Amino acid sequence: MKEIALIIDSLDKSFSEEGIKGGGNKVSRHLVLEWAKNPEINLDVYSSKSSVNNLDGVREIINSDWHLYGEGEQFFSQLKELLNGKNYDAVIFNDIFAEEGHLILNCNSLPYRYSNCKNFLLSIILKFLKRKKIAVQKRFLQNKNRKFFAVSNIVKEDYAKNFGIPYENIFTAYPGIEMPMQDYQKKKNSVFTFGIVNSGGYNKGIYTLISSLKLLKRTKIPFKLKLIYPKYNNDSFFKFYLKLNRLEDEVEILEFQKNMTDFYNSIDCLLLPSFSEAFGLVVLEAASFSTPSIVSSTSGVSEIILDKKNGFLFSMKNNRKKNLFKKMKEVINLKKEKPDEFEKVQKNAHETAQKYSWKNFADSIANNL
């Protein structure tokens, strides 16, 4: 029997009505659910103050009003008191950088994100502005002789290179998804329709996408883009950029989607043009509805995508805007001229999604503790 303490940001973000807004929250949720069902694990969950006080299979939930960010002095002081006298086999942090315990790495490091923005001047400026946060991250990762769990090999390489963590101490565990419980009906679009989920931020590649769509529009090939962007009304610059490129008629803005089923079924292809993306769960989620994706080579999920087999890949090297444009044009033409081959990609995408479960993810971590 393994005694495990899982330290997460907030149970509310993973289990409340408004929760599950990011990959880290989904990882927390499913680690709790899977380990709670495992008869070989006694699980205690430590969370910042939340309204969730009990969950089936969890031995104890400890909610504390701590401050997680900044340099985290208050957080680590409180946590040390809470853990005092407990004899856990493993203390695991998810979505939190810590000085001790094992860490699940489901985000790229700050040095990686800023170096990967491809704009040298902007990279220098960002590193200077965020130097204090980078220093804190380095401090939290000074203890390299523990176990780290990366959600992709890209993340593994990132932390090994930028923080000197030994490769043998970093284990790659790909996240999973929940397959649809009910039958679904794919919408037949009269115009090829792309989809993208944008949480905001330069690293998500949304501006690269708009530039690529501008090139696509010049070819006179009809297309639509469904863009989920809850912050759209507050993003004046993006509105201006969209208008500047004359894409208002092609782009449909959607609010936050509580249920993504209709979205995935209403598009022909998902887009993930991120400069840095630790994994990219939306790609597997879309695949579970037989919707393939065009994925950047710098996204972690690209490691399980084979171009024109179970999805599509484009290179972020050299002219990324042109590369993405060419790939979008190729995919549209494939569906139009060789529909049988496009359907085969759809089928393979669905079969790929079936291979990645949250149980396998949770078991992979537990078995390597």
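The values are calculated or read from the model by the stated rules, or taken from the named source; none is laboratory data. The shown structure was predicted, so the numbers you read here are calculated from the model rather than taken from an experiment. Using ideal geometry, Cβ is built from the backbone for each residue, glycine included, and neighbour counts are taken over all protein chains shown.
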* Asked: Which strands (runs of 3 or more DSSP E) sit wholly inside the range 241-338 and have at least 1 residues that are within 18 Å of the chain's Cα centre (by Cα)?
  -> 269-272, 293-296, 312-314
* What are the residue pairs meeting all of these: first residue in the range 302-319, first residue assigned by TED's automatic domain parsing to the domain that holds S212, second residue charged (D, E, K, R) and part of a loop (DSSP other than H, G, I, E, B), Cβ atoms under 8 Å, and 6 or more apart or on different chains? -> M316/K118
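Would you check if there is a residue in the range 265-281 being β-branched (V, I, T) and free of Cβ contacts under 8 Å to residues at least 60 places away in the same chain? Talk me through it step by step, then tell me what you get.
Let us first name the residues in the range 265-281 that are β-branched (V, I, T), namely 267.
Retained after the next criterion (residues that are free of Cβ contacts under 8 Å to residues at least 60 places away in the same chain): none.
Taking every residue of the range 265-281 in turn, none turns out to be β-branched (V, I, T) and free of Cβ contacts under 8 Å to residues at least 60 places away in the same chain.
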* Of all residues in the range 137-168 being surrounded by fewer than 18 Cβ atoms within 10 Å (Cβ to Cβ) and either out of contact with any helix residue (DSSP H, G or I) (no Cβ under 9 Å at 6 or more places or on another chain) or among the hydrophobic types (A, V, I, L, M, F, W, C) (or both), the one that is nearest to L6 (Cα to Cα) -> N143
* Asked: more than 16 Å from the chain's Cα centre (by Cα), surrounded by fewer than 23 Cβ atoms within 10 Å (Cβ to Cβ) and without any contact (Cβ under 8 Å) to a residue 40 or more places away in the chain: does that describe K359?
  -> no
* Enumerate the pairs (first residue in the range 48-67 and over 17 Å from F93 (Cβ atoms) and assigned to a strand (DSSP E or B); second residue anywhere and modelled with pLDDT of 90 or more and hydrophobic (A, V, I, L, M, F, W, C)) with beta-carbon separation below 8 Å, excluding pairs fewer than 6 apart on the same chain, so at least 6 apart or on different chains. => E60/V45
* Which numbered condition S276 fails, given (1) surrounded by fewer than 24 Cβ atoms within 10 Å (Cβ to Cβ); (2) at pLDDT below 95 -> (1)
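Restricting attention to the range 71-108, which residues are in a strand (DSSP E or B) and farther than 13 Å from L6 by Cα? Explain how you work it out, then say what you get.
Initially, the range 71-108 is screened for residues in a strand (DSSP E or B), giving 90-94, 102-105.
Result: L105, single match.
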* To do: Say whether the condition of being part of a strand (DSSP E or B), under 23 Å from the mean Cα position of the chain (by Cα) and within 12 Å of A5 (Cβ to Cβ) is met by at least one residue in the range 38-45.
  => yes
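Table: residues versus (1) in contact with a Pro (Cβ under 7 Å, 6 or more places away or on another chain); (2) under 29 Å from R131 (Cα atoms); (3) at pLDDT 85 or above; (4) of a type in the set (S, T, N, Q).
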{"residue": "G19", "(1), (2), (3), (4)": "no, no, no, no"}
{"residue": "R59", "(1), (2), (3), (4)": "no, no, yes, no"}
{"residue": "W66", "(1), (2), (3), (4)": "no, yes, no, no"}
{"residue": "D89", "(1), (2), (3), (4)": "no, no, yes, no"}
{"residue": "E99", "(1), (2), (3), (4)": "no, yes, yes, no"}
* Out of all the residues in the range 180-193, is one or more surrounded by 22 or more Cβ atoms within 10 Å (Cβ to Cβ), of a type outside the set (A, V, I, L, M) and assigned to a loop (DSSP other than H, G, I, E, B)? -> no
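Can you go through L126, L110, L121 and tell me which one is over 25 Å from the mean Cα position of the chain (by Cα), under 23 Å from M316 (Cβ atoms) and modelled with pLDDT under 90?
Values: L126 fails: over 25 Å from the mean Cα position of the chain (by Cα); L110 fails: over 25 Å from the mean Cα position of the chain (by Cα).
Residue meeting the stated conditions: L121.
Yes/no matrix, rows are residues, columns are (1) within 18 Å of S212 (Cα to Cα); (2) surrounded by fewer than 21 Cβ atoms within 10 Å (Cβ to Cβ):
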{"residue": "G300", "(1), (2)": "no, no"}
{"residue": "L306", "(1), (2)": "no, yes"}
{"residue": "G311", "(1), (2)": "no, no"}
{"residue": "N318", "(1), (2)": "yes, yes"}
{"residue": "K321", "(1), (2)": "yes, yes"}
{"residue": "L324", "(1), (2)": "yes, no"}
{"residue": "I332", "(1), (2)": "yes, no"}
{"residue": "K335", "(1), (2)": "no, yes"}
* Say we look at the range 209-238 and pick out the residues that are at pLDDT below 95 and part of a loop (DSSP other than H, G, I, E, B); which of these is surrounded by the fewest Cβ atoms within 10 Å (Cβ to Cβ)? -> K231
* To do: Can you confirm whether the range 345-352 contains a residue that is over 18 Å from the mean Cα position of the chain (by Cα), of a type in the set (K, R), outside the structural domain of A36 (by TED's automatic domain parsing) and not in a loop (DSSP other than H, G, I, E, B)?
  => yes
